[in-house]
1. Once the mean 1/r over all distinct Cα pairs of the range 69-199 is inverted, what Kirkwood radius in angstroms do you read off?
2. Just to be sure I understand: with springs between alpha-carbon atoms less than 10 Å apart, which residue in A44, A105, A19 has the highest mean-square fluctuation in the Gaussian network model of the chain?
3. Please list, by residue number, every one of the GluC sites (Glu not before Pro) in the range 112-199 that is coil in DSSP and has at most 12 other beta-carbon atoms within 10 Å.
4. Order F104, F158, F130, F52, most accessible first, counting only protein heavy atoms with a 1.4 angstrom probe.
5. For the range 1-91, run through the chymotrypsin sites (Phe, Trp or Tyr not before Pro) and keep only the ones in DSSP coil with at most 10 other Cβ atoms within 10 Å of their Cβ.
6. Using a 1.4 Å probe on the protein heavy atoms only, what accessible surface does T79 show? Give it in Å² to the nearest 10.
7. Report, in whole Å, the centroid distance computed from the Cα atoms of the range 25-89 and the range 167-187.
8. Round to the nearest 10 and report in Å² the accessible area of D179, as given by a 1.4 Å probe over the protein chains' heavy atoms.
Amino acid sequence: MKNLTGEVMRHRRLAVEGAVEFAPEVFRDERGDFASPYQEHAFAAAVGRPLFPVAQVSRNVSRRGVVRGIHYTLVPPGTAKYVYCPAGRVLDMLVDLRVGSPTFARWEAVELAADTARAVYIPPGVGHAFAALEDGSVVCYLLSREYRKEHELTLSVFDEEIGLRLPAGLGPVVLSERDRQAPTLAEAAARGLLPEHTR
């Protein structure tokens, strides 16, 4: 789809209900390149509404082998995210944690990288994780709500029931202590920590 300036943004619906990958056109010349990882016309056409009002923009920097997640937010309040990688390269992973969703426990991985400027929309109740494939990989988040520590939850990225596949040859995986101690999907369900599916 082209916008009024002629930029092209393709989109692809992911295996997780409501999640969408966006791929803008990247313009390259002798100076470098230019891309627009978010374009409202394309987002609205794919999702059916404009992007949420942005309450916070966050970013992290990771070295190769760092794995962050699986992170998600209590629903309510729920937090939607629009994520892209302006430097380096990551394998971005989404997991449907919404009890009652037709894609519950299904996941999909998308490579985000500086040279492609691809982005992912993550609805509330969907878990998010990524593995840094290069040193200095940066992940930027546009968030529909400000971060509140008490609303943030995590699941084990190694949960066999979910079955995420980390990249081969990644080397020693580096996790935070919180992510290392994270419960499995079954443990979180038993404790009533999973969000309910709402359309």
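1. 15.1
2. A44
3. E146, E160, E161
4. These residues rank, largest area first, as F158, F104, F52, F130.
5. Within the range 1-91, no chymotrypsin sites (Phe, Trp or Tyr not before Pro) qualify (loop, at most 10 other Cβ atoms within 10 Å).
6. We get 20 Å² for T79.
7. For the range 25-89 versus the range 167-187, the Cα centre distance is 22 Å.
8. 10
The values are calculated or read from the model by the stated rules, or taken from the named source; none is laboratory data. This one's a predicted model, so the numbers in the text were calculated from it and none came from an experiment. Cβ: placed from backbone, ideal geometry, glycine included. Neighbour counts: every protein chain shown. For the accessible areas, the whole protein counts, side chains as well, though only heavy atoms, and no ligand, DNA or RNA atoms are used. Shrake-Rupley method; radii C 1.70, N 1.55, O 1.52, S 1.80 Å.
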